[in-house]
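J.: Shown below is the structure under consideration.
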Amino acid sequence: MNHKFKVVALIKPFGYLALGYLMVISASSTVLAKTPETNHKQAFQLAQMGESSTEERTRFIQTADALSSQEKFTEAEEILRKLIERYPKYAVGHYKLGNVLFRQNKAEEAIAAYQQAIKHNSRYALAYNAIGIVRARQGRWQEAITEYQKALEINPEYGEALTHLGQALWQQGRRDEALASLEKALSIFRNQNRLDQAYRLEQFLRELRSDDDPSVA
């Protein structure tokens, strides 16, 4: 059986987890999601409302996240570019922009945004992982591996990065290393009580092993 097809198929769901598209939206974000156009305007008026810079950045991010959750990526990109214009060194803004660009299939622009996030926060493990996901989607497996490893140097307990690393290693035929990375990710998800991720990864591992050894059920 062709293992490569199966691994590529899993990149999308795990990748979206890592890039923050399955978000827990707060009550205020839920309101934003219902009327994004109105709140779009509100976000641009925050500086005149006496809010702190932290509150302002948070409101911009909430608005962009709400728009992204509705797949309104162009509008979300506009919000995030306004945010970065106001706060050019805000790493989270660049990272979120990269996510939105990635969802619009603008791979190189997304990577440039992630690199800006890293420029302003050299220990931004999520941004390294995100670059890896983009390179994996392009089939540039060794480059993806390098980025995942950078993320794991910063945070060795980063379950998503370990999962993606395992997928990329499997694509290169490095079976034992891949399984070790995936097993470690599974252990981390269990320890963190992230049961959904653990279940999905457990099923994936079972499929990989059953393909290699039909006696494994």
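J.: Place a label point 7 angstrom from the Cα of Thr74 along the Cα-to-Cβ direction, then list the residues of segment 80-102 whose backbone nitrogen is under 20 Å away.
T.: Flagged as within label range: 80-83, 97-102.
J.: How do 177-185, 59-67 rank on mean C-beta neighbours within 10 Å, highest first?
T.: Working: 177-185: 19.3, 59-67: 24.2.
Taking the mean over residues of other Cβ atoms within 10 Å, the ranking is 59-67, 177-185.
J.: Across segment 122-133, in residue order, what do the Karplus-derived ³J(HN,Hα) couplings come to in whole Hz, using 6.51 cos²θ - 1.76 cosθ + 1.60 with θ = phi - 60° and x for Gly and Pro?
T.: 5, 10, 7, 4, 4, 5, 4, 4, 5, 4, x, 5
J.: Still on this model: How large is ³J(HN,Hα), in whole Hz, for each residue of segment 82-95 in order, when computed from phi with the Karplus curve 6.51 cos²θ - 1.76 cosθ + 1.60 and θ = phi - 60°, using x for Gly and Pro?
T.: Each residue's phi maps through the Karplus curve to give 5, 4, 5, 4, 7, 10, x, 9, 7, 4, 4, x, 5, 4 Hz.
J.: Another one. Take the solvent-accessible surface of the protein heavy atoms, probe 1.4 Å, and return the percent of it on segment 51-138 that carbon and sulfur atoms account for.
T.: Numbers: 1730 of 3860 Å².
Percent of accessible area from carbon and sulfur atoms in segment 51-138: 45.
J.: Can you tell me the accessible area per residue over segment 91-211, all protein chains present, probe 1.4 angstrom, in square angstrom?
T.: Values: 5150 Å² over 121 residues.
With the other protein chains kept in place, segment 91-211 gives 43 Å² per residue.
J.: Between segment 62-87 and segment 138-217, how far is it from one alpha carbon centroid to the other, in angstrom?
T.: 31
J.: Rounding to the nearest 20 debye, state how big the charge dipole of segment 103-185 is about its Cα centre with +1 on each Lys and Arg Cβ and -1 on each Asp and Glu Cβ.
T.: Values: 11 positive and 10 negative charges, 47 e Å.
With Lys and Arg at +1 and Asp and Glu at -1, about 220 debye.
The values are calculated or read from the model by the stated rules, or taken from the named source; none is laboratory data. Model, not experiment: these values are computed from the prediction. Positions of Cβ are generated from backbone atoms using ideal geometry, with glycine treated the same way; all protein chains shown enter the neighbour counts. Heads up: the accessible areas ignore ligands, DNA and RNA and are worked out on the full protein's heavy atoms, side chains in. Shrake-Rupley method; radii C 1.70, N 1.55, O 1.52, S 1.80 Å.
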